[in-house]
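Enquirer: Could you have a look at this structure, given as structure tokens, before my questions?
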Amino acid sequence: MNQARRTFLKGTAVAVAMLSGVLKVGKAFALEWNSAAFTAKKLDEALKSSGYEGAAASDDILIKVPEIAENGALVPVEATSNIPGTTSIAIFSDKNPNPMIAEFNFMNGAEPFISVRIKMAETAPVRIMVKANGKVYTNSRDVKVTAGGCGG
Amino acid sequence: MAMRMRATMDGDVATVKVLMQHDMETGLRKDKDTGKFIPAHFINLVTATLNGTPVLEAQWGVGVAKNPFFEFRVKGAKAGDKIAVHAVDNLDAHYDGEVEIAAAA
């Protein structure tokens, strides 16, 4: 596992170059994929590029994750924001090679809730970020990963 | 690629579950035989509509699990309404699914 993970970390730079090379955005989407945020290798950079830096801690963000994930390739994450005016929920895993995992924007009656399965490279906090009324909020839960889910 | 969807009313909220078949290759894995990296191939944009009106827009990175599953909730929907999901991956393949919302179980 450790050997696999070293190989995997070394590959990150190559992968980032490949990603930026092949990226295309579907014409049907108003939304543009935030390449800078999703390919960032450090949590701070990813948060900055996605507009979530300087978030205030909030217990009004509810997170459901397993305490222990035996398989890092499949970690269920459920997040609910009770912060009024929530428009977006984003998921980060602090120690993934690319910490930003997903961002969901809600509109026209969609509730500020999301459930999704993610990959986790190693034991880390799962960080939920919320945008509401032009402000950003955060909460996190630690997940212990016994077998990482990103490498080969 | 198959996309399986289920939508069910619970009060005035529709719960929508979506399961897509996709490798979600990170680009960080090596092929054990050739020693070369397997190119990244992952869904990166997803939208959902209720009777044609956007309700959810998502951006994904390589950290979403293989064969992505996600669930979301839409208030104000009713049984018989249509939920459609459209996804595109980094190689510009497009995927579509649609389901009629079922009455509360």
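The values are calculated or read from the model by the stated rules, or taken from the named source; none is laboratory data. Because the structure is a prediction, the values reported are computed rather than measured. Neighbour counts run over all protein chains shown; Cβ positions are idealised from the backbone, glycine included.
Enquirer: When you look at B:A79, is it in contact with a strand residue (DSSP E or B) (Cβ under 6 Å, 6 or more places away or on another chain) and either under 20 Å from A:A121 (Cα atoms) or not in a strand (DSSP E or B) (or both), yes or no?
Expert: Judged against the criteria, B:A79 is a match.
Enquirer: Go over the candidates B:V55, B:V46 one by one and state the one that is in a strand (DSSP E or B), facing chain A (nearest Cβ under 7 Å) and modelled with pLDDT of 95 or more.
Expert: So the residue among B:V55, B:V46 that is in a strand (DSSP E or B), facing chain A (nearest Cβ under 7 Å) and modelled with pLDDT of 95 or more is B:V55.
Enquirer: Let me ask something additional. Can you tell which of A:S140, A:S115 is surrounded by fewer than 23 Cβ atoms within 10 Å (Cβ to Cβ), closer than 26 Å to B:V85 by Cα and among the hydroxyl-bearing types (S, T, Y)?
Expert: Step by step, each of A:S140, A:S115 is checked, and only A:S115 is surrounded by fewer than 23 Cβ atoms within 10 Å (Cβ to Cβ), closer than 26 Å to B:V85 by Cα and among the hydroxyl-bearing types (S, T, Y).
Enquirer: Quick one: in the range A:50-86, of everything that is within 17 Å of A:A37 (Cβ to Cβ) and more than 10 Å from every other protein chain (Cβ to nearest Cβ), which residue is nearest to the chain's Cα centre (by Cα)?
Expert: A:Y52
Enquirer: Suppose the filter is β-branched (V, I, T), in a strand (DSSP E or B), in contact with a Pro (Cβ under 7 Å, 6 or more places away or on another chain) and within 13 Å of another protein chain (Cβ to nearest Cβ); does A:I114 pass it?
Expert: no
Enquirer: Would you confirm, using the coordinates I've provided, whether B:L28 is touching a residue at least 24 places away in the same chain (Cβ under 8 Å) and either surrounded by fewer than 18 Cβ atoms within 10 Å (Cβ to Cβ) or at positive phi (or both)?
Expert: Criteria not met by B:L28.
Enquirer: Give the residue that is nearest to B:A2 (Cα to Cα), with candidates limited to residues of the range B:67-82 that are more than 7 Å from chain A (Cβ to nearest Cβ) and touching an Asp or Glu at 6+ places or on another chain (Cβ under 7 Å).
Expert: Filtering first and then ranking leaves B:K82.
Enquirer: Identify the single condition in (1) at the interface with another protein chain (Cβ under 9 Å from one of its Cβ atoms); (2) outside any loop (DSSP other than H, G, I, E, B) that B:L19 does not satisfy, given that it satisfies every other one.
Expert: For B:L19, the failing item is (1).
Enquirer: What strands (runs of 3 or more DSSP E) completely inside the range A:29-105 contain at least 3 residues that are closer than 20 Å to B:H22 by Cα?
Expert: Once the strands (runs of 3 or more DSSP E) in the range A:29-105 are filtered for at least 3 residues that are closer than 20 Å to B:H22 by Cα, what remains is A:75-81.
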